[in-house]
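Before any comments, here is the structure.
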Amino acid sequence: MVLALLVSNLSGCTSNRQMTNQIDNPDIFNDALFSADIYVPAQEAIFALKEQDKVELKRAFARAQSKRPNTVSPHVWLGQYINAHKGGFTFQDHVTRVADVTMSDRQGNCMSLVVLSASLAEVLNIPIKIQDIAVEPIWDRRGGFYLVNGHVNLKLFAPVDNQSILVTQSEILVDFLPERAIRGYRSTEINKQRLMAMFYNNVAAEALVEDDYDTAYAYVKQALETDPFFVSAVNTLAVIYRHKGQDKLAETVYRHGIALDESNLITLYNLSLILGDQNRLDEWADIHRKLELARIANPFYYFDMAQQAYFDKEYQDALIWYKRAVEKADYRHEFYFGLSRAYWATGDERRAKKHMQKAIQLSSTDNKHRYQLKLKAMEGH
């Protein structure tokens, strides 16, 4: 779970701009408004595990190897060990934990699981890839806020030695969500720096919901010191100022976020709330024009609506939305895959096969095989 804060239902995206270790605008912070006596764990502490847990992990893997010599790959074994559906870990939303606590409690949200998985992978020298998944926004009304729950997951890869690559399953997905639930959604690889900023921002948002502004400020400041271009954290900081009655400072921070990513709809919308409250209606209207233009120009807006309709079994509505997505971007394989599924669900097998063939033509190697198998199943139906 990756949190962004709103005061109403509106989704947005994060910036992928180049990162730096320095804050471009240090004036966005005002430490005097908050308590300085707040503990924020260092990055090393977030990933740290007890030595005993590391030893037990290595022993468990060694036992598995001894039973099946030369057939157990570390990344496959770890995936089975940590996977939420097989390893005893359970999902608990709204609680972002460090790796050690997640390991002990055997529960946490998707952020907690990714942090723990990265820590365990490091113990076994397993390469990883961390992904930010652009899933359909999940709206969760808590404490007077709308939280937009994003999603992160992690892939484990076969370790490489000095001579060769172990020939085995190429990658293992570690995720609380079933793989079928995230297929078709965009994924962006992120580094540990961005993951840490997300972690701190999550804790800040959770504290803000509980009206703990001091903790929220301490964590979001750490998020921005870790990754100054993480616009979701900039937005969180501005929301904190708003709830402290510092509207002028909040506006400054929102505008700083817009300067970093002028397409971030959450920040634009939240700024419009200040403008509306102050009767600055011309500025308010200008932002709302931008919001509406961004919404109707984005093909993934229609795709997300189609996905939601499909999973709600509203197949005719799904077809309408998928077609609109294709009109905006007829080069996206996932749009045609969606059309194929929706047509199949309505009993129109001819169109379902036709659009699956189009998805195959447009897809990369990774998706092509999956689509080909589905087309083969359709033809054998």
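Points to keep in mind about this one:
- Scanning region 224-279 for residues that are within 19 Å of Tyr200 (Cβ to Cβ), in a helix (DSSP H, G or I) and among the hydrophobic types (A, V, I, L, M, F, W, C) turns up Leu224, Val231, Ala233, Val234, Leu237, Ala238, Val239, Ile240, Val253, Leu260, Ile266.
- Of all the numbered requirements in (1) under 12 Å from the mean Cα position of the chain (by Cα); (2) modelled with pLDDT of 70 or more, Leu116 misses one, and that requirement is (1).
- Considering residues of region 200-223 that are buried (at least 24 other Cβ atoms within 10 Å of the Cβ) and among the hydrophobic types (A, V, I, L, M, F, W, C) only, the residue nearest to Ala99 (Cα to Cα): Val203
- If only residues of region 150-192 that are of a type in the set (S, T, N, Q) and under 19 Å from Ala121 (Cβ atoms) are counted, the one that is modelled with the lowest pLDDT is Thr168.
- Hits in region 344-370 - residues which are among the β-branched types (Val, Ile, Thr) and under 30 Å from the mean Cα position of the chain (by Cα): Ile360, Thr365
- Residue-level check: of (1) assigned to a helix (DSSP H, G or I); (2) surrounded by fewer than 16 Cβ atoms within 10 Å (Cβ to Cβ), Lys313 misses just (1).
- Search result, residues across region 249-289 that are of a type in the set (D, E, K, R), within 20 Å of Val234 (Cα to Cα) and surrounded by fewer than 20 Cβ atoms within 10 Å (Cβ to Cβ): Glu251, Arg255, Glu262
The values are calculated or read from the model by the stated rules, or taken from the named source; none is laboratory data. Just so you know, these numbers come straight off a predicted model, no measurement behind them. Note: ideal-geometry Cβ built from the backbone for every residue, glycine included; neighbour counts use all protein chains shown.
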